[in-house]
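Have a look at the structure below before the remarks.
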2 protein chains.
Amino acid sequence: MEDRVRLVHGAGGLFMQEFLDRFILNFFRGSGFEVPLEALDDSAVVEGVVFTSDSHTVRPLFFPGGDVGSLAVAGTVNDLAVLGARPTALSCALVIEEGFPFSDLERILSSMRDTCRMAGVYIVTGDTKVLEKGAVDSLIVNTSGIGFRSPFLDENFRIVEESRGVKVGKRWLLDSNLRPGDKLIVSGTIGDHGMALMAYREGYGFAGDLQSDVKPLNRVVEGLLKVGGVVAMKDPTRGGLAAALNEWSRKSGVGLELDESSIPVREGVKAACEMLGIDPLEVGNEGKLLIAVVPEKAEEILEELRSTPEGRDAAIIGEAVDKFEGVVLKTEVRGRRLIPPPIGDPIPRIC
Amino acid sequence: MEDRVRLVHGAGGLFMQEFLDRFILNFFRGSGFEVPLEALDDSAVVEGVVFTSDSHTVRPLFFPGGDVGSLAVAGTVNDLAVLGARPTALSCALVIEEGFPFSDLERILSSMRDTCRMAGVYIVTGDTKVLEKGAVDSLIVNTSGIGFRSPFLDENFRIVEESRGVKVGKRWLLDSNLRPGDKLIVSGTIGDHGMALMAYREGYGFAGDLQSDVKPLNRVVEGLLKVGGVVAMKDPTRGGLAAALNEWSRKSGVGLELDESSIPVREGVKAACEMLGIDPLEVGNEGKLLIAVVPEKAEEILEELRSTPEGRDAAIIGEAVDKFEGVVLKTEVRGRRLIPPPIGDPIPRIC
């Protein structure tokens, strides 16, 4: 299996990072655009246009709290928004297995339409391929998206620069923007999406309590940019908070210290994770923001988040520090524990 | 099977058109952008950005003259170019079956890179999903793309307007732009891609002679725009020339008359089509342009095409006429024959 693609190569962790280095970046780096492929941020920026793409292979297609349609729209909208863009238009490319029921297709398309309306975006182009029975597991939805610089981004960065006393290089919300002192905020409980899928798929008794958090977050993001002082943002999907924080630490060259007790985790998710031996920090989310903000603005950003339904459970969970030693969790019982980049998300096919 | 998706719904013909109406347009029309989804053109235009998406499911992955990688890049580049855009950046979203050989992946990525270089575009963003064995037939490549208005497009339309004495509405190369008198040009022999795949797949003896025409055409397009007078352009893939011409006829409300003897078809393709009872007009192409041009400029456009390697075999094949009766083929032996929109491309999984 050494010279073949493995499941873990698509699971959002260390193996995927190596895979992207060896294959994707090796062939495609070097465009010279403002935010290029090799930044490996949530979106690229090309002549002012923010651009991203995701193929959605979630199973099952319908799950508690959402379906592949809401996931496909929200996922792409969020990837655009967390870079500082106002998402504008999406594509929808369907690969459908012959025999797929029209009724399921209608449910999925109507969920896409509803999620588009929530986000204020439109599907403007697309493609439909139908494959013979057995050539694809029912349905894959690719949504790519474009957006334009948020009108609040310049003023947001003016506040960051005022706090730091230095210019910020590219003035997009990049993974490489963090500096010691920045506060880390999560917009709500973590692990909901992955554990809801896991529990539902496996038919665990507690499944009824767990719901995916899938949701477009662009309006919340815009509210935060209006407050200002946001340094970076991320949509912690595959590999969860652990993958996202390690990416920030590595790309920004800062250590990140987290307070375990401050990280919001729903009781049901905590119980399920303990039962299954899964770390909720490594579980994917689809409706949560990870935010880095200059210290002076942390409380205001938190307040703004908590004033929204999507950010009700937001919390300050830690900060960036000078010692570059990756991501460290301060726990009440065991002291300091290193959170390494996950090998990959423990739950397959969550997005 | 009445209430389920069928292969023909993705085959680029009449059934696909009905499918798009009933499902895609029904849910997603109404964005109000410059060239919206409901134009069903090769790309959309959103605040000046030309945007398109295609999922590539061709089989086999490697075929005479190309592979899924060159196809994915050229296909998306061409969809942008035929609207009048200069293609700029692409996404690459891979859905890979577990166990896919690294060596094949490298061949495909290097072919994508080479095709990008030919076209002068970059892959700037993407996504990688790996599915368990059996969940997808080896590899699907989605490429979405963005481009910006060609600097030669305004002058091109000035020449069109001079010829017609009236303004052109949206000044992109749209399917609805044709008017009686416009000349129809094809940039080379038709049916090469589809028949090469068919012959290779089925192991026919003549397979060796047939090669896919897959090729990025954006530089050729730009040369034509410099000449000026181009009214519309199309990349006649699934459903071939017959589907593309019927789309023009319907959307522009003009009849189209073709001279059968002037349509370039390679001898091997003609022979294969006759043997299999397939109309070469309905077979997909991946490196050909269908062009409508004002009559004063037809010869100059033809000359410009013939001066390029991609357009060596270009020919004027007919014209738009006042009688709106669809697409009519004038043949030497049988007189006039109506070319109806095909039900779907006769050859499955060509792109």
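The values are calculated or read from the model by the stated rules, or taken from the named source; none is laboratory data. Because the structure is predicted, anything quoted here is derived from the model rather than measured. Here the Cβ is made from the backbone with ideal geometry for all residues, glycine too, and neighbour counts use every protein chain on show. SASA here: full protein model, heavy atoms, side chains in, ligands and nucleic acids out. Shrake-Rupley method; radii C 1.70, N 1.55, O 1.52, S 1.80 Å.
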Radius ratio Rg over Rh of chain B, counting only Cα atoms, Kirkwood formula for Rh: 0.95
Exam field: B:PRO309 pseudo-label spacings to other copies (7 Å along Cα-Cβ), nanometres: 5.9
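Suppose every K and R has +1 on its Cβ and every D and E has -1 on its Cβ; what is the size of the dipole of segment B:114-262 about the Cα centre, in Debye to the nearest 20?
On the way: 19 positive and 20 negative charges, 124 e Å.
It comes to approximately 600 debye.
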For segment B:153-338, Kirkwood radius (reciprocal of mean inverse C-alpha pair distance, Å): 16.7
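What shape does segment B:106-254 take by its C-alpha gyration tensor, where a ≥ b ≥ c are the square roots of the eigenvalues and a/c under 1.5 counts as rounded, a/b above b/c as prolate, and the rest as oblate? If you can, show how the numbers build up before the last one.
Values: a/c = 2.20, a/b = 1.60, b/c = 1.38.
It comes out prolate by the Cα gyration axes.
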Segment B:7-149 shape via C-alpha gyration tensor axes, a/c threshold 1.5: oblate
Leading residue at positive end of dipole, segment B:83-212 (Cβ point charges), from B:PRO180, B:VAL121, B:ILE108: B:PRO180
Other copies of A:ASP154: label-to-label distances in nm, shortest first, labels 7 Å along the beta-carbon direction: 2.4
Mean residue ellipticity (222 nm) of chain B, computed from DSSP H runs ≥ 4 via -39,500 (n - 2.57), nearest 500: -9000 deg cm²/dmol
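Which value, in debye to the nearest 20, describes the size of the charge dipole of the protein assembly as shown about its Cα centre when Lys and Arg Cβ atoms bear +1, Asp and Glu Cβ atoms bear -1, and nothing else is charged? Walk me through the numbers on the way to the answer.
Working: 78 positive and 106 negative charges, 110 e Å.
So the magnitude is around 520 debye.
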Centroid-to-centroid separation of segment A:209-232 and segment A:7-26 [C-alpha atoms, Å]: 27
Rounded accessible area of A:TYR200 (nearest 10 Å², 1.4 Å probe): 110
Positive minus negative residues near B:THR237 (Lys, Arg vs Asp, Glu; Cβ under 10 Å): -3
The protein assembly as shown - Debye-derived log10 I(q)/I(0), Cα point model, q = 0.07 Å⁻¹: -0.47
Under-5 Å amide H pairs with A:ARG4, H placed in peptide plane, nonlocal only: B:PHE102
For residues of B:49-61, the mean tally of beta carbons on other chains within 10 Å: 6
Positive-end residue, chain A charge dipole about Cα centroid, Cβ charges, pick of A:ASN285, A:PRO87, A:VAL265: A:PRO87
Value of relative contact order over chain A, rounded to a whole percent, pairs C-alpha under 8 Å and six or more apart: 23
Segment A:153-188 and segment A:269-298: distance between their alpha carbon centers, rounded to Å: 21
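Could you sort out which of A:LYS133/B:LYS234; B:LYS226/B:LYS323; A:LYS183/A:LYS323; A:LYS270/A:LYS330 sit more than 21 Å apart by Cα distance in this structure?
Values: A:LYS133/B:LYS234 31 Å; B:LYS226/B:LYS323 31 Å; A:LYS183/A:LYS323 15 Å; A:LYS270/A:LYS330 18 Å.
From the list (A:LYS133/B:LYS234; B:LYS226/B:LYS323; A:LYS183/A:LYS323; A:LYS270/A:LYS330), the Cα-Cα distance tops 21 Å for A:LYS133/B:LYS234; B:LYS226/B:LYS323.
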Averaged over B:94-101, number of beta-carbon atoms from partner chains that fall within 10 Å: 5
Label spacing, shortest first and in nm, from B:ASP259 to its equivalents in the remaining copies (7 angstrom along Cα→Cβ): 8.3
